[in-house]
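Step one of this worksheet: look at the structure below.
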Ligand code: SF4
Ligand code: SF4
């Protein structure tokens, strides 16, 4: 997302609208502690993705820049942020609400959202198989990269 804050991008009603999405009613409890971002495994490898920053952008009213941002689709839905939030803000529900809004407003097509969901499902499946393969290795020294390459080829042949 563009770092510059433009007045015409600000929508003061955006936060109330997000808070009306299912499960998002605790949005305004956020006090910007950053625990969600510190707990997020995606933020660790994707520095442009930050749950606490997304909440601030909602509170600032950055409706269009946020709803059209690829960041919305980076969340892997592991729920760590929701479990660790001291204010029970439930970021996982908030990201889901933002995704629904982006689809409703035509900023991403339902077909593309479906593809992103399918891709996420494949990644989860790959992760599950990688863990099982490593745990099942009798020698306890499989090369994770090689194992991953083999698993990708196996999944290709499904
Ligand atoms: S952990 Fe909760 S209160 Fe803290 S920044 Fe994240 S959402 Fe806000
Ligand atoms: S649910 Fe999404 S935002 Fe929350 S910790 Fe997991 S990947 Fe990060």
- request: Any chance you could give the angle, 0 to 90 degrees and rounded to 10, that helix 91-104 forms with the longest Cα principal axis of the chain?
  value: 70
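Arrange the following residues from fewest to most other Cβ atoms within 10 Å of their Cβ: 91, 83, 49.
Numbers: 91 26, 83 12, 49 21.
Ascending Cβ contact count within 10 Å gives the list 83, 49, 91.
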query: For segment 1-97, what is the largest minus smallest coordinate of the Cα atoms on each principal axis, given in angstrom and ordered from greatest to least?
result: 35, 28, 21
- request: Kindly provide log₁₀ I(q)/I(0) values, in the same order as q = 0.19, 0.21 Å⁻¹, from the Debye equation applied to equal alpha-carbon scatterers of segment 112-156.
  value: -0.61, -0.69
Contact order normalised by residue count of segment 8-108, Cα under 8 Å, 6+ apart, percent: 37
task: Can you tell me the alpha carbon radius of gyration of segment 46-100 divided by the globular rule-of-thumb value 2.2 N^0.38 Å?
output: 1.06
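How much length, in nm to one decimal, is gained on full extension between residue 87 and residue 31, taken as 0.36 nm per residue of separation minus their Cα-Cα distance?
Details: separation 56, 0.36 × 56 = 20.16 nm, distance 0.79 nm.
Full extension of this stretch gives 19.4 nm more.
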query: What does the helix-only formula give at 222 nm for the chain: each DSSP H stretch with n ≥ 4 adding -39500 (n - 2.57), the total divided by the residues, and the result rounded to the nearest 500 deg cm²/dmol?
result: -16500 deg cm²/dmol
field: Nearest-ten-degree value, helix 144-156 long axis tilted from longest Cα axis of the chain
entry: 80
message: Rounded, prolate or oblate for segment 59-158? Axes are the square roots of the Cα gyration tensor eigenvalues, ordered a ≥ b ≥ c, and the cut-off for rounded is a/c under 1.5.
response: oblate
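Throughout, read-outs are computed from the coordinates displayed, never taken from laboratory work. Predicted, not measured: the structure shown is a model, and the values here were computed from it. Counting neighbours? That spans all protein chains shown, and the Cβs are built from the backbone with ideal geometry, glycine included.
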